Amino acid sequence: MKMENTFSNKTPRELGYRMPAEWCKHEAIWLAWPQDPETFTSGVEKVEEIYVQIVKLIHKDEYVNLFVKDEGMKKKTTDLFEKRKIDLKRIRFFQFDYADVWFRDYGPIFVRNRNQELAMVCWIFNSWGEKYEELLKDAQIPHVINHEMRLNCFEPGIVLEGGSIDVNGKGTLLTTEQCLLNKNRNPQLGKEKIEKFLRDYLGVNHIIWLRNGIAGDDTDGHIDDIARFVNPTTIVCAYEEDKDDENSDALRKNYEILLKSTDQDGKKLNIVKLPMPGNVGSNKKRLPASYANFYIGNNTVLVPTFEHENDKLALSILQKLFPKRKVIGVNCVDLICGFGAIHCISQQQPKSRL
């Protein structure tokens, strides 16, 4: 599928575009309906119920752009939404034979210019270092969206997933060495060249590199499980207090890096510890459960919970950091069986002038 409206000789930065922070006003949230029993071993129907809950909580504040595979799936979701009194006028369906639900990683990243005009940055998705060949067809999703929306589109031509970066909207970007410098992504590029792509295509000018992600994360250390901006000067950082836990050392080192880091203006950042939910899963197969995998909506913040004693503490910490939004926990015990949570399955579309 050919990409339309593509800029080949100008970067977003040259044309005044940058990636807005997630707390900026959204037009919509993008999702793909769960359908693969091999992804969700606890049962697809249980994950469907989580999706219904997420849609119900978010749809009054921003449109829900939802991918379904076919008319049968569209009918099924429509029936589920009607039963839960979800306003179908707030749902926009897109039909495509996609493989899985990890929209944050295979979907486009939206950027915006000073005139509030929207464009898309479409990176290469190689299923996290070609780990899952059957998921490679999801790389076509940005082309499908581009065909429907007909936005100006930028193609950097390198591998990058949305879950591997986070921005404060003022010029600073968070990422990890484990992911972006991994040889299974862009082995031909060194750190300086990758930083240039981030600057040119996301409009940032300051990059903070953390080291490693959490145990069980098959994405090789995505940032959205370990550290997130909650406002331009504050970062929540996943932290494991139990020194015997396998996440303790890596998360402590990331926290120490952040304590020494500054924003794009050279000012110290406010770093807030966010607890971890312990070992979710089993000793043989630990799952990448983290409260940092939240989605910042227009009026709500949806936070994954895991039936752990730290659930309430994590929600309380985040509520204080988002005083103008309602922080709501969503039980993601069944969703995390697919190795991702709320931020992983979603992508925000910023509000535009058009």
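Restricting attention to the stretch 88-113 and to residues that are charged (D, E, K, R) and touching a Lys or Arg at 6+ places or on another chain (Cβ under 9 Å), the residue that is nearest to residue 26 (Cα to Cα) turns out to be 112.
Matching residues to (1) modelled with pLDDT of 95 or more; (2) assigned to a helix (DSSP H, G or I); (3) aliphatic (A, V, I, L, M):
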{"residue": "67", "(1), (2), (3)": "yes, no, no"}
{"residue": "72", "(1), (2), (3)": "yes, yes, no"}
{"residue": "81", "(1), (2), (3)": "yes, yes, no"}
{"residue": "86", "(1), (2), (3)": "yes, no, yes"}
{"residue": "92", "(1), (2), (3)": "yes, no, no"}
{"residue": "104", "(1), (2), (3)": "yes, yes, no"}
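Looking only at the stretch 296-323, which residues are farther than 27 Å from residue 218 by Cβ, assigned to a loop (DSSP other than H, G, I, E, B) and touching a residue at least 24 places away in the same chain (Cβ under 8 Å)? Answer for the stretch 296-323, where residues must be farther than 27 Å from residue 218 by Cβ, assigned to a loop (DSSP other than H, G, I, E, B) and touching a residue at least 24 places away in the same chain (Cβ under 8 Å): 298, 299, 322. Would you check if residue 84 is among the basic types (Lys, Arg), surrounded by 13 or more Cβ atoms within 10 Å (Cβ to Cβ) and more than 23 Å from residue 137 (Cα to Cα)? Against the criterion (among the basic types (Lys, Arg), surrounded by 13 or more Cβ atoms within 10 Å (Cβ to Cβ) and more than 23 Å from residue 137 (Cα to Cα)), residue 84 does not qualify.
Can you tell me which residue within the stretch 265-280, out of those that are under 15 Å from residue 247 (Cβ atoms) and not aliphatic (A, V, I, L, M), is surrounded by the most Cβ atoms within 10 Å (Cβ to Cβ)?
In this case the residue turns out to be 277.
Can you spot a residue in the stretch 211-221 that is within 18 Å of the chain's Cα centre (by Cα), closer than 25 Å to residue 11 by Cα and either modelled with pLDDT of 95 or more or surrounded by fewer than 22 Cβ atoms within 10 Å (Cβ to Cβ) (or both)? Taking every residue of the stretch 211-221 in turn, none turns out to be within 18 Å of the chain's Cα centre (by Cα), closer than 25 Å to residue 11 by Cα and either modelled with pLDDT of 95 or more or surrounded by fewer than 22 Cβ atoms within 10 Å (Cβ to Cβ) (or both).
Residues that are surrounded by fewer than 22 Cβ atoms within 10 Å (Cβ to Cβ), β-branched (Val, Ile, Thr) and touching a residue at least 40 places away in the same chain (Cβ under 8 Å) do not occur anywhere in the stretch 146-163. Considering the stretch 213-257, and only residues there that are touching a residue at least 24 places away in the same chain (Cβ under 8 Å) and of a type in the set (Lys, Arg), the residue that is nearest to residue 127 (Cα to Cα) turns out to be 228. Close Cβ contacts (under 7 Å, 6 or more residues apart or on different chains) running from residues in the stretch 331-350 that are more than 12 Å from residue 53 (Cβ to Cβ) and crowded, with 23+ Cβ neighbours inside 10 Å to residues that are modelled with pLDDT of 95 or more and of a type in the set (Gly, Ala, Ser) comprise 336/289; 343/163; 344/163; 347/107; 347/162.
Restricting to the stretch 62-72, name every residue that is surrounded by fewer than 17 Cβ atoms within 10 Å (Cβ to Cβ) and either closer than 21 Å to residue 334 by Cβ or within 19 Å of the chain's Cα centre (by Cα) (or both).
Passing the criteria: only 69.
Determine if the stretch 281-293 includes at least one residue that is modelled with pLDDT of 95 or more, buried (at least 19 other Cβ atoms within 10 Å of the Cβ), among the aromatic types (Phe, Trp, Tyr) and out of contact with any Ser or Thr (no Cβ under 9 Å at 6 or more places or on another chain). No, the stretch 281-293 contains no residue that is modelled with pLDDT of 95 or more, buried (at least 19 other Cβ atoms within 10 Å of the Cβ), among the aromatic types (Phe, Trp, Tyr) and out of contact with any Ser or Thr (no Cβ under 9 Å at 6 or more places or on another chain). Of all residues in the stretch 229-260, those satisfying the criterion of being of a type outside the set (Phe, Trp, Tyr), under 19 Å from the mean Cα position of the chain (by Cα) and more than 19 Å from residue 178 (Cα to Cα) are 230, 231, 232, 234, 235, 236. When the stretch 339-354 is filtered for residues that are out of contact with any helix residue (DSSP H, G or I) (no Cβ under 9 Å at 6 or more places or on another chain), in a loop (DSSP other than H, G, I, E, B) and at negative phi, the ones remaining, listed by number, are 351, 352, 353, 354.
Among the candidates 336, 328, 342, the residue that is modelled with pLDDT of 95 or more and within 23 Å of residue 173 (Cβ to Cβ) is uniquely 342.
When the stretch 48-84 is filtered for residues that are more than 21 Å from residue 102 (Cβ to Cβ) and among the basic types (Lys, Arg), the ones remaining, listed by number, are 56, 60, 75, 83, 84.
Scanning the stretch 338-351 turns up no residue that is farther than 30 Å from residue 27 by Cβ and out of contact with any Cys (no Cβ under 8 Å at 6 or more places or on another chain). The strands (runs of 3 or more DSSP E) falling completely within the stretch 131-215 that include 3 or more residues that are of a type outside the set (Val, Ile, Thr) map to 152-154, 206-210.
Given the criteria within 24 Å of residue 103 (Cα to Cα), of a type in the set (Val, Ile, Thr) and in a helix (DSSP H, G or I), does residue 336 qualify? In short, yes.
Working carefully through the options 195, 177, find the one that is surrounded by fewer than 17 Cβ atoms within 10 Å (Cβ to Cβ) and either modelled with pLDDT of 95 or more or not aliphatic (A, V, I, L, M) (or both). Unique residue meeting the criteria: 177.
The values are calculated or read from the model by the stated rules, or taken from the named source; none is laboratory data. Just so you know, these numbers come straight off a predicted model, no measurement behind them. Quick reminder, even Gly has a Cβ in these numbers, built from the backbone with ideal geometry, and neighbours come from all protein chains shown.
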